[in-house]
Amino acid sequence: KAGVTQTPRYLIKTRGQQVTLSCSPISGHRSVSWYQQTPGQGLQFLFEYFSETQRNKGNFPGRFSGRQFSNSRSEMNVSTLELGDSALYLCASSLVAGGGDTQYFGPGTRLTVL
Amino acid sequence: TQLLEQSPQFLSIQEGENLTVYCNSSSVFSSLQWYRQEPGEGPVLLVTVVTGGEVKKLKRLTFQFGDARKDSSLHITAAQPGDTGLYLCAGATGNTPLVFGKGTRLSVIA
C-alpha cells in the first residue's frame with residue numbers, strides 16, 4: 001500500500017506570494033490533518049478534514065486555508081506569505097477523524113519564504 | 001490549552017549507553033503516542049500507550065505511560081547510531097487533534 005505523498009517536496013517563494021501544497025492520503029483513509037513544523041515551535045496543528053468537511057482548526061490566521069476533495073486528497077493554501085511561514089508542512093492521514101487513530105505522515109513540503 | 005513538555009531537548013551519547021526521554025503534562029490524555037522523525041522525513045509512529053501504568057517494549061525501546069495518564073517516558077537500552085533522530089510524544093483526547101511535544105533530538109555517536 002502506498003504511503004502518504006506530498007507535493008512539491010521543496011518550494012521557495014517570496015513575501016506576499018501565495019502557495020498551494022498537496023497531500024494524497026493512504027488509500028482508504030478519509031481523514032487528512034495538516035501540521036506546521038518549525039525548530040522553535042515544534043509541530044503545530046493547522047486543520048483536519050474528514051469526508052470533505054473541516055473537522056478541527058488550529059490557532060492560525062485566516063491566510064492559512066485548506067480543502068479536501070471527494071477522493072480524500074487535500075490541499076492547503078497560504079496567501080500573502082510572510083517570512084515566518086518558512087517551515088516544514090506535514091500532512092497525515094488516518095482512517096477516522098481525531099487524534100486517537102494512528103496517523104501516517106507524509107515526508108513534508110519544505111517551504112522557504114524569502 | 002493542553003501542553004506536552006519533553007525533556008531533554010537535546011541528547012548526545014555514545015553508542016552502547018542507555019537513555020531516558022520524558023514527556024510531561026498537567027493534562028490527562030486518553031492515549032499517548034511516540035514518534036521518531038529522521039531528517040527529510042515525516043514522523044513515524046513507534047508505539048501508542050492507552051492504559052495508565054502501561055509498559056510496552058519494542059526491542060531495545062521501553063515505553064511507559066504514567067498511572068495518571070499525564071506523562072510518559074521512553075527508555076532506550078544500548079543505544080545505536082541508527083537510533084539517532086527526533087523523538088516526539090503526542091497526546092490524544094477523544095476526537096480532538098493530537099497535541100505534540102517539541103521533541104528530543106537524539107544523537108548517538110559510534
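Once you charge only the Cβ atoms, +1 for Lys and Arg and -1 for Asp and Glu, what is the size of the charge dipole of chain B about its Cα centre, to the nearest 20 debye?
Dipole size: approximately 160 debye.
Counting Lys and Arg as +1 and Asp and Glu as -1, each charge on the Cβ, what is the dipole of the protein assembly as shown about the Cα centre in debye, to the nearest 20?
400
Please sort by residue number the GluC sites (Glu not before Pro) in the range A:1-97 whose DSSP state is loop and whose Cβ has at most 14 other Cβ atoms within 10 Å.
The qualifying sites are A:52, A:82.
Mind checking which of A:19, A:92, A:44 is farthest towards the positive end of chain A's charge dipole, using Cβ charges of +1 (Lys, Arg) and -1 (Asp, Glu) about the Cα centre?
My answer, from the dipole projection, is A:19.
Taking only C-alpha pairs under 8 Å that are 6+ residues apart, what is the relative contact order of chain A in percent?
Value for chain A: 36 percent.
Ignoring ligands, DNA and RNA, what percent of the 1.4 Å accessible area of chain B is carbon and sulfur? Write out the running numbers ahead of the final one.
Values: 2710 of 5310 Å².
Here carbon and sulfur together make up 51 percent of the probe-accessible area.
Quick one: if you stick a label point 7 Å off each Cα along the C-beta vector at residue B:45 and residue A:71, how many nm between them?
Reported label-point gap for residue B:45 and residue A:71 is 2.5 nm.
Give the average, rounded to an integer, of partner chain Cβ atoms located within 10 angstrom of each Cβ in B:94-107.
That average works out to 5.
For chain B, calculate the relative contact order in percent as a whole number, restricting contacts to Cα pairs under 8 Å that are 6 or more residues apart.
Once divided by the residue count of chain B, the mean separation gives 37 percent.
Could you tell me the distance between the Cα centroids of the range A:27-78 and the range B:1-79, to the nearest Å?
With the range A:27-78 and the range B:1-79 each reduced to a Cα centre, they are spaced 25 Å.
Relative to the isolated chain, which residues of the range B:41-55 have their accessible area cut by 20 Å² or more in the presence of all protein chains (1.4 Å probe, heavy atoms, no ligands or nucleic acids)?
B:41, B:42, B:43, B:45
The values are calculated or read from the model by the stated rules, or taken from the named source; none is laboratory data. The structure presented is a predicted model; accordingly, all values stated were derived computationally and were not measured. Counting neighbours? That spans all protein chains shown, and the Cβs are built from the backbone with ideal geometry, glycine included. These area figures cover heavy atoms from the full protein model, side chains too; ligands, DNA and RNA do not enter into them. Shrake-Rupley method; radii C 1.70, N 1.55, O 1.52, S 1.80 Å.
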